[in-house]
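Quick notes on the structure that follows.
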Amino acid sequence: PCYIHAELPRTKCNHCNTIKRVNVPWAIKQRHNFTLYFDALIMTMAKDMPMNAIARFIGEHDTR
């Protein structure tokens, strides 16, 4: 697997005075910055693997 660790720069919006993160092409806003490829990997593994094996593989707890 490929892991992307990145600190996204934040900028202040002059129109609404809020702090926003810079958009990156590999992130999906609707999924809270999970990547499309990571989601696809999990869904592909879920077809043939039990959840606890997937959790171990990606380094998460199986109840997450």
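Of all residues in region 1-18, those satisfying the criterion of being of a type outside the set (Ser, Thr, Tyr) and under 30 Å from Ala40 (Cα atoms) are Pro1, Cys2, Ile4, His5, Ala6, Glu7, Leu8, Pro9, Arg10. Selection within region 30-42: residues that are modelled with pLDDT under 60 and farther than 15 Å from Ala6 by Cβ. The member of this set that is surrounded by the most Cβ atoms within 10 Å (Cβ to Cβ) is Arg31.
Pairing each residue of region 48-64 that is surrounded by 11 or more Cβ atoms within 10 Å (Cβ to Cβ) with any residue that is modelled with pLDDT of 90 or more and part of a loop (DSSP other than H, G, I, E, B), provided the two are 6+ apart or on different chains, yields C-beta distances under 9 Å for Phe57/Met49; Asp62/Pro50.
The values are calculated or read from the model by the stated rules, or taken from the named source; none is laboratory data. Just so you know, these numbers come straight off a predicted model, no measurement behind them. Cβ: placed from backbone, ideal geometry, glycine included. Neighbour counts: every protein chain shown.
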